[in-house]
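Enquirer: Got a structure for you, written out below as structure tokens; questions coming shortly.
The values are calculated or read from the model by the stated rules, or taken from the named source; none is laboratory data. Bear in mind that the values here come from a model prediction, so they are computed numbers and not experimental data. Methodologically, a virtual Cβ is constructed for each residue, glycine included, from the backbone with ideal geometry; neighbour enumeration extends over all protein chains shown.
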Amino acid sequence: MISKQMQVQVQNSSVIRAMFEEGKRLSAIYGEENVYDFSLGNPSVDPPAEVKTAILDILNNECAGTVHGYMNNSGYETVREAIAQSINARFNTNFSQKNIIMTVGAAGGLNVIFKTLLDPQDEVIVFAPFFGEYRNYVSNYSGNLIVIPANTSSFQPNLELFSEKINARTKAIIVNSPNNPTGVIYSEATIKKLAEILNQKQNEFGTNIYIISDEPYRELAYDNIEVPYLTNYYENTIIGYSFSKSLSLPGERIGYLVIPDQATDAENIIDAANIATRILGYVNAPSLFQLVIARCLNAKVDVEAYNRNRELLYNGLKSYGYDCIKPEGAFYLFVKAPNNDDVAFCNLAKEENILVVPGSAFGCAGYFRIAYCVSYRMIEKSLPGFKALIDGVNGK
């Protein structure tokens, strides 16, 4: 008999993954080329050439004990120092290797920091719409996820309601920008106001409240829009980063945490996060890919390929009458369901062999998410189906 906690988490299992499995089933029936699977944020753009070069060079020229052996739980010192200096050069920060902990992707990093920070019944605030797995990550450590309803006019955080929800039990805030599922980038004005509110509330309650900035999509930004680096705005900020999207390496599970010196109790947080890494069974991030990414910190995927997809999909859907905000980053489009029922619409979309994810999975019913990290040709072929769907809903 599985635990009661796991019974709940199984029931809440990822709708995204379920839709992905549905795509496999439909592909077996209709052929993969006739199924338009927009369910999973699985990058379609190849990793930069530097990644393959680094892998081969490391395997051919490094000693096996270095490539495949244990190291400090935080990761290789040389790798962490390279990452710290790269961040400093880009964002005018002052980190060193001691501020970096290598992690098993962004999900691993978030679980490590929640294990480190949360006591039972501590509250973690998140802005809808949000990545649904946050619920499980927080509940893993007996925390309570507090959801701020979406501001559907802009999908910037509703800071007025946010301010009202903060209390003495508030331990952390999750910020995800560029955002999954909307592609919205939180503006500098939003971040400054968020920091101002948090500083006021820390003083009011005499507590420490941490921003956990989940940043797997930081490098996927369009139209020269800047993504604010949050440690420059609020001292109690911890960054969780992943190379899954920036280098198209989701299956390799490699990322890092940044724990700045200026964060309250930083030294103890760093020590505890290392122990949490062992307790959770990660031990350390994958050794080979630590060494790989250290050589690829200046490499980039072809973001223009995602931009072409964005323009085609957004302009096509808008011309058919769909209501959506143009994404500024990531590779998702968050669209209002024309029948106002996201689950029913996603089921209806399957009749056109289109797989999209209901917004209720992201805490925002009435919308659906399209992951456009697919081939340009797939989007072209899917557009008649999207038109048929909205025409059918509108009785045309």
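Enquirer: Suppose we keep only residues that are without any contact (Cβ under 8 Å) to a residue 12 or more places away in the chain and either in contact with a Pro (Cβ under 7 Å, 6 or more places away or on another chain) or over 19 Å from Cys373 (Cβ atoms) (or both) within the range 293-322. Which one would you say is surrounded by the most Cβ atoms within 10 Å (Cβ to Cβ)?
Expert: Taking the range 293-322 as the starting set, the residues that turn out to be without any contact (Cβ under 8 Å) to a residue 12 or more places away in the chain are 304, 311, 315, 318-319.
If we keep only those that are either in contact with a Pro (Cβ under 7 Å, 6 or more places away or on another chain) or over 19 Å from Cys373 (Cβ atoms) (or both) too, we end up with 318-319.
Values: Lys318: 13, Ser319: 10.
Among residues in the range 293-322 that are without any contact (Cβ under 8 Å) to a residue 12 or more places away in the chain and either in contact with a Pro (Cβ under 7 Å, 6 or more places away or on another chain) or over 19 Å from Cys373 (Cβ atoms) (or both), the one surrounded by the most Cβ atoms within 10 Å (Cβ to Cβ) is Lys318.
Enquirer: So Asp342 fits all but one of (1) touching a residue at least 40 places away in the same chain (Cβ under 8 Å); (2) in contact with a helix residue (DSSP H, G or I) (Cβ under 9 Å, 6 or more places away or on another chain); what number is the exception?
Expert: Result: Asp342 fails condition (1) only.
Enquirer: Quick check: anything in the range 254-269 under 20 Å from the mean Cα position of the chain (by Cα) and part of a helix (DSSP H, G or I)?
Expert: Keep residues of the range 254-269 that are under 20 Å from the mean Cα position of the chain (by Cα), which gives 254-259.
From what's left, part of a helix (DSSP H, G or I): none.
No, the conditions are met nowhere in the range 254-269.
Enquirer: Can you name the residue in the range 163-196 that is more than 14 Å from Leu230 (Cα to Cα) and part of a helix (DSSP H, G or I) and, of all such residues, is farthest from the chain's Cα centre (by Cα)?
Expert: Glu164
Enquirer: State whether one or more residues within the range 235-250 are without any contact (Cβ under 8 Å) to a residue 40 or more places away in the chain, in the same structural domain as Gly109 (by TED's automatic domain parsing), under 20 Å from the mean Cα position of the chain (by Cα) and assigned to a helix (DSSP H, G or I).
Expert: The answer is no; no qualifying residue exists.
Enquirer: A further question follows. Restricting the search to the range 23-45, which residues are among the charged types (D, E, K, R) and surrounded by 13 or more Cβ atoms within 10 Å (Cβ to Cβ)? Show your work before the answer.
Expert: Of all residues in the range 23-45, those among the charged types (D, E, K, R) come to 24-25, 32-33, 37.
Scanning the range 23-45 gives a single hit, Asp37.
Enquirer: Do we have Gly132 as in contact (Cβ under 8 Å) with a residue 12 or more places away in the chain, under 21 Å from the mean Cα position of the chain (by Cα), under 16 Å from Pro286 (Cα atoms) and buried (at least 17 other Cβ atoms within 10 Å of the Cβ) here?
Expert: On the way: in contact (Cβ under 8 Å) with a residue 12 or more places away in the chain: yes; under 21 Å from the mean Cα position of the chain (by Cα): yes; under 16 Å from Pro286 (Cα atoms): no; buried (at least 17 other Cβ atoms within 10 Å of the Cβ): yes.
The answer is no for Gly132.
Enquirer: I'd like to verify a number: residues in the range 323-341 that are surrounded by fewer than 21 Cβ atoms within 10 Å (Cβ to Cβ) and either among the β-branched types (Val, Ile, Thr) or on the phi < 0 side of the Ramachandran plot (or both), how many?
Expert: First, pick out the residues of the range 323-341 that are surrounded by fewer than 21 Cβ atoms within 10 Å (Cβ to Cβ): 323-326, 336, 338-341.
Among the residues that remain, those that are also either among the β-branched types (Val, Ile, Thr) or on the phi < 0 side of the Ramachandran plot (or both) are: 323-326, 336, 338-339, 341.
Residues in the range 323-341 being surrounded by fewer than 21 Cβ atoms within 10 Å (Cβ to Cβ) and either among the β-branched types (Val, Ile, Thr) or on the phi < 0 side of the Ramachandran plot (or both): 8 in total.
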